[in-house]
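Comments concern the structure below.
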Amino acid sequence: MRKRRVLLLVREDFVPPESIDGLSDKEIRPWKGEFDVREALRERGHSAEVLGVDADLDAVDDAIRGFRPHVVFNMLEEFAREPSFVAYLLGHFEMRGVAYTGCNPMGVLYAADKARQQRVLRQHRIQTPGFFVVARSKGCVRPKRMGFPLIVKGLATHGSLGMAQASVVYDDESLRERVGFVHETLAMDAIVERYIDGRELYVGVIGNRRLEVLPIWELRMENLPRGAPFVATEKVKWDLAYQERVGLTTGPVSGLGEGVLERVRRMAKRAYRALEQSGYARMDFRVSGDGKVYLMESNPNCDLTYGEDFARSAESAGVAYPALIERIVRLGERWSKHSR
């Protein structure tokens with residue numbers, strides 16, 4: 001196996017220390033994925049360096065000139081505080097002939113705007129919840145076709161930022177209040193979707209043209225209060241104490257018929273191609289009580305933290321964590337050769 005120089009691009013405040021000895025889970029959590037990827041690369045014998053960046057393109061270019069990486073391992077969700085700017089950074093790499101991991105610029109742009117992504121999916125006859133957008137400069141007018149309950153999100157958020165139980169609304173007054181919250185607190189347009197009451201599935205896809213669908217994973221909250229909407233809120237994603245309180249678990253799906261599961265797998269592949277994605281992604285699905293399958297969104301360059309859903313799903317398919325990271329590196333190199 002050829003040893004490579006790999007430059008990890010991470011958020012400026014997510015540069016991991018060399019050791020986590022003596023640190024608590026809470027202290028480690030913000031940058032655990034970055035630490036895990038770096039250690040997996042080193043375990044495979046690669047020379048891995050980490051660069052924390054915010055908006056300094058010159059610093060990125062200087063690191064590439066100095067370190068001369070065979071591949072840049074992209075772990076950025078935003079550049080200059082804009083999710084869509086990651087696509088421009090990747091385009092810069094392509095023009096310079098620098099190989100990088102994960103999704104290509106077009107796939108990243110589709111993912112940076114939830115409404116744009118749904119429009120593409122609907123054009124390809126992939127079932128989504130249905131939505132409308134409320135711009136910050138306009139008042140909230142609900143289309144008659146959109147009945148309650150609805151769920152309100154930030155148009156360009158990641159990691160359930162700003163999501164809470166109150167994001168699910170049941171009347172126009174609550175809808176206006178939650179849209180106002182998104183406008184003011186998140187400083188972005190709001191997307192309002194039909195709330196799908198059902199089971200939440202996560203489906204990992206890996207590959208460029210030849211795709212592999214990883215085992216289907218399910219999110220469960222056994223202790224959610226009676227009547228509370230089933231939503232992966234910001235606290236569900238990031239608050240360890242809250243996760244324990246609601247009985248959060250994830251694991252292989254069970255109790256769904258093979259026909260439904262096969263439909264989910266096919267939709268995952270179709271969506272990956274329709275959204276022009278590459279490298280790896282996690283698809284979020286909802287299956288309603290009557291068996292209908294909805295693709296909620298696709299997340300390219302998803303969380304690679306060891307022990308989280310994508311890595312655990314790959315491990316259940318026989319792909320150990322260091323081998324998964326190695327595979328992502330190789331897919332990045334192959335994509336770069338194709339795109340030149």
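The values are calculated or read from the model by the stated rules, or taken from the named source; none is laboratory data. Note that this is a predicted model, so its numbers are computed, not measured. We place every Cβ from the backbone using ideal geometry, glycine too, and count neighbours over all the protein chains shown.
For VAL133, only one of the following conditions fails: (1) assigned by TED's automatic domain parsing to the domain that holds VAL169; (2) modelled with pLDDT of 95 or more; (3) not in a strand (DSSP E or B). What is its number?
(3)
So if I check each of VAL141, VAL152, VAL182, which one is β-branched (Val, Ile, Thr), part of a loop (DSSP other than H, G, I, E, B) and outside the structural domain of THR249 (by TED's automatic domain parsing)? Give the steps one after another, and end with the answer.
On the way: VAL152 fails: part of a loop (DSSP other than H, G, I, E, B); VAL182 fails: part of a loop (DSSP other than H, G, I, E, B).
Result: VAL141 is the single residue among VAL141, VAL152, VAL182 that is β-branched (Val, Ile, Thr), part of a loop (DSSP other than H, G, I, E, B) and outside the structural domain of THR249 (by TED's automatic domain parsing).
Assuming GLU222 fulfils every condition listed in (1) touching a Lys or Arg at 6+ places or on another chain (Cβ under 7 Å); (2) farther than 24 Å from TYR170 by Cβ apart from one, which condition is it?
(1)
Looking only at region 112-119, decide whether some residue is among the acidic types (Asp, Glu) and part of a loop (DSSP other than H, G, I, E, B).
Going residue by residue through region 112-119, those that are among the acidic types (Asp, Glu) are 113.
Filter once more, keeping what is part of a loop (DSSP other than H, G, I, E, B): 113.
Among the residues of region 112-119, at least one is among the acidic types (Asp, Glu) and part of a loop (DSSP other than H, G, I, E, B), which makes the answer yes.
Regarding region 204-221, can at least one residue be identified that is in contact with a Phe, Trp or Tyr (Cβ under 9 Å, 6 or more places away or on another chain), in contact (Cβ under 8 Å) with a residue 40 or more places away in the chain and within 16 Å of ALA164 (Cα to Cα)?
no
Looking at region 278-295 only, could you name the residues that are buried (at least 20 other Cβ atoms within 10 Å of the Cβ) and within 16 Å of HIS158 (Cβ to Cβ)?
TYR280, ALA281, ARG282, MET283
Answer yes or no: is there a residue in region 168-176 that is over 28 Å from CYS103 (Cβ atoms), of a type in the set (Phe, Trp, Tyr) and surrounded by 15 or more Cβ atoms within 10 Å (Cβ to Cβ).
Residues of region 168-176 that are over 28 Å from CYS103 (Cβ atoms), as a first pass: 168-176.
So of that shortlist, the ones also of a type in the set (Phe, Trp, Tyr) come out as 170.
Subsequent filtering for residues that are surrounded by 15 or more Cβ atoms within 10 Å (Cβ to Cβ) retains none.
No, region 168-176 contains no residue that is over 28 Å from CYS103 (Cβ atoms), of a type in the set (Phe, Trp, Tyr) and surrounded by 15 or more Cβ atoms within 10 Å (Cβ to Cβ).
In region 155-179, which residues are more than 21 Å from SER298 (Cα to Cα), of a type outside the set (A, V, I, L, M) and part of a helix (DSSP H, G or I)?
Answer for region 155-179, where residues must be more than 21 Å from SER298 (Cα to Cα), of a type outside the set (A, V, I, L, M) and part of a helix (DSSP H, G or I): GLN165, ASP172, GLU173, SER174, ARG176, GLU177, ARG178.
Tell me, yes or no, whether region 103-110 has at least one residue that is in a loop (DSSP other than H, G, I, E, B), at pLDDT 95 or above and not β-branched (Val, Ile, Thr).
yes
Cβ contacts < 8 Å: first residue under 23 Å from LYS3 (Cα atoms), restricted to region 306-333; second residue surrounded by 23 or more Cβ atoms within 10 Å (Cβ to Cβ) and polar (S, T, N, Q), any location; separation 6+ or different chain. Result?
ILE328/THR101; VAL329/THR101; LEU331/THR101; LEU331/SER278; GLY332/THR101
Just the residues that are β-branched (Val, Ile, Thr) and within 20 Å of LEU248 (Cα to Cα), please, taken from region 269-309. Give the derivation first.
In the first step, residues of region 269-309 are kept if they are β-branched (Val, Ile, Thr); the result is 287, 293, 305.
Answer for region 269-309, where residues must be β-branched (Val, Ile, Thr) and within 20 Å of LEU248 (Cα to Cα): VAL287, THR305.
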